[in-house]
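The values are calculated or read from the model by the stated rules, or taken from the named source; none is laboratory data. On a predicted model such as this, the values are computed, not experimentally measured, just so you know. Cβ sites come from the backbone with ideal geometry, for glycine too, and all protein chains shown count toward neighbours.
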């Protein structure tokens with residue numbers, strides 16, 4: 001292995017592999033370092049990949065080449081109590097036409113494929129390599145220290161795409177310590193079901209898929225649940241705020257097991273064979289969690305840059321990671337013309353990222369994290385909605401009340417009216 005590269009990319013997730021691919025296609029000597037046995041072996045979380053112009057430019061009609069599972073045509077938002085459920089279903093023919101809106105993916109396969117494309121373009125891939133730290137000369141990052149004999153490797157630029165707890169971003173002084181309220185833990189189970197069973201149960205044909213987002217008062221924690229249909233399996237799991245897990249003193253795998261036993265969920269997954277569990281830390285602090293993105297000789301991308309948001313309707317990270325990886329590579333290619341890899345030159349990356357959907361989306365939903373911290377969003381409102389629907393449809397031989405009066409009666413029974421304006425304000429700021 002050469003001891004000097006043009007660029008070292010740390011982390012072969014969507015951000016890192018995209019950066020390595022773009023750089024290699026432009027003729028740069030790139031080393032892609034991955035601590036897992038193979039790209040994707042440490043990245044088992046994830047579910048939805050939204051249409052991405054960057055990916056489509058790299059691979060025209062990428063869904064024909066990339067190992068995607070299904071294209072999603074239906075979105076379901078379900079509110080659960082221990083005994084009932086209320087669902088909102090959105091379905092459109094537009095999502096069933098090319099270019100498709102979003103896809104379910106299995107990260108071990110997708111990440112491996114993307115890294116293989118970078119290698120095919122000329123990047124060198126080193127797996128089972130743990131980066132112990134940075135090589136720093138003065139104020140400039142000059143390379144990385146790899147946990148193997150003679151493992152110090154130099155480069156003009158290092159791109160840190162090593163996950164939300166980025167050792168490199170912290171060592172470079174770019175990333176501060178995150179609080180539990182800014183982090184969530186995602187725990188996922190992969191359940192095998194035959195394709196024909198999935199198609200029949202969810203009313204799908206061909207490669208159509210569906211995604212579910214759940215808010216459940218039965219869980220008694222700040223967080224939600226999800227379900228995605230893959231080709232011959234189902235990804236199902238829970239995303240819970242770390243602070244809430246600590247307060248409730250509950251194990252996330254127990255929470256997931258309880259969720260699988262909910263009557264509504266049980267009907268969706270019956271007959272499954274359990275394949276695997278996985279867990280992943282998710283940055284959910286939004287725009288205000290984004291660290292400094294560059295320093296002398298180094299850029300930060302993907303989860304390491306906290307490029308992920310959850311607004312209650314969408315949880316998006318892979319799309320932002322791919323975009324940031326591509327823009328980091330474009331920045332290196334441009335500044336290489338001058339040979340100046342100082343922070344002043346690499347600041348171009350922040351400018352590019354700020355003009356992209358990645359930072360713009362984070363900024364648009366800047367106040368969503370405050371809304372997502374509301375305990376009532378998970379405990380009160382799902383129960384309120386389900387109880388409201390039950391009373392509207394219940395027949396008991398008594399005169400029916402108008403829906404408006406039922407709503408007022410239900411709200412008064414479950415929520416202090418003086419709290420309602422505060423909750424509505426947080427929801428308004430998150431979405432308007």
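Here are the numbers for the structure shown:
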| item | result |
| --- | --- |
| Of all residues in the range 22-56 being in contact (Cβ under 8 Å) with a residue 24 or more places away in the chain and within 13 Å of residue 323 (Cβ to Cβ), the one that is nearest to the chain's Cα centre (by Cα) | 49 |
| Hits in the range 80-111 - residues which are part of a helix (DSSP H, G or I) and surrounded by fewer than 19 Cβ atoms within 10 Å (Cβ to Cβ) | 93, 94, 95, 96, 109 |
| Which numbered condition residue 114 fails, given (1) touching a helix residue (DSSP H, G or I) at 6+ places or on another chain (Cβ under 6 Å); (2) surrounded by fewer than 24 Cβ atoms within 10 Å (Cβ to Cβ) | (2) |
| Members of the range 251-271 found to be assigned to a loop (DSSP other than H, G, I, E, B), in contact with a helix residue (DSSP H, G or I) (Cβ under 9 Å, 6 or more places away or on another chain) and more than 14 Å from residue 240 (Cα to Cα), listed by number | 270, 271 |
| So residue 309, is it outside the structural domain of residue 59 (by TED's automatic domain parsing) and either more than 23 Å from residue 244 (Cβ to Cβ) or surrounded by 21 or more Cβ atoms within 10 Å (Cβ to Cβ) (or both) | no |
| Residue in the range 343-350 that is farther than 25 Å from residue 110 by Cα, surrounded by 22 or more Cβ atoms within 10 Å (Cβ to Cβ) and touching a helix residue (DSSP H, G or I) at 6+ places or on another chain (Cβ under 7 Å) present | yes |
| One residue from 141, 158, 164 being modelled with pLDDT under 95, touching a strand residue (DSSP E or B) at 6+ places or on another chain (Cβ under 9 Å) and either in the same structural domain as residue 17 (by TED's automatic domain parsing) or over 30 Å from residue 215 (Cα atoms) (or both) | 164 |
| Test: residue 22 is closer than 30 Å to residue 382 by Cα, surrounded by 18 or more Cβ atoms within 10 Å (Cβ to Cβ) and touching a helix residue (DSSP H, G or I) at 6+ places or on another chain (Cβ under 8 Å) | no |
| One residue from 324, 342 being modelled with pLDDT of 95 or more and closer than 16 Å to residue 21 by Cα | 324 |
| All positions within the range 395-406 that are out of contact with any helix residue (DSSP H, G or I) (no Cβ under 7 Å at 6 or more places or on another chain) and surrounded by 10 or more Cβ atoms within 10 Å (Cβ to Cβ) | 400, 401, 405 |
| Test result for residue 40, under 15 Å from residue 106 (Cβ atoms) and either surrounded by fewer than 18 Cβ atoms within 10 Å (Cβ to Cβ) or out of contact with any strand residue (DSSP E or B) (no Cβ under 8 Å at 6 or more places or on another chain) (or both) | yes |
| Residue in the range 182-197 that is surrounded by fewer than 20 Cβ atoms within 10 Å (Cβ to Cβ), closer than 30 Å to residue 24 by Cβ and without any contact (Cβ under 8 Å) to a residue 60 or more places away in the chain present | no |
| Considering residues of the range 371-382 that are assigned to a helix (DSSP H, G or I) and modelled with pLDDT of 90 or more only, the residue farthest from residue 216 (Cα to Cα) | 371 |
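Quick grid of which residues meet (1) without any contact (Cβ under 8 Å) to a residue 60 or more places away in the chain; (2) surrounded by fewer than 18 Cβ atoms within 10 Å (Cβ to Cβ); (3) on the phi > 0 side of the Ramachandran plot:
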| site | (1), (2), (3) |
| --- | --- |
| 326 | no, no, no |
| 365 | no, no, no |
| 373 | no, yes, no |
| 408 | yes, yes, no |
| 419 | yes, yes, no |
| 429 | no, yes, no |
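For every residue, the table says whether it meets (1) crowded, with 24+ Cβ neighbours inside 10 Å; (2) touching a helix residue (DSSP H, G or I) at 6+ places or on another chain (Cβ under 8 Å); (3) part of a helix (DSSP H, G or I).
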{"residue": "6", "(1), (2), (3)": "no, yes, no"}
{"residue": "32", "(1), (2), (3)": "yes, yes, no"}
{"residue": "36", "(1), (2), (3)": "no, no, no"}
{"residue": "56", "(1), (2), (3)": "no, yes, yes"}
{"residue": "60", "(1), (2), (3)": "no, no, no"}
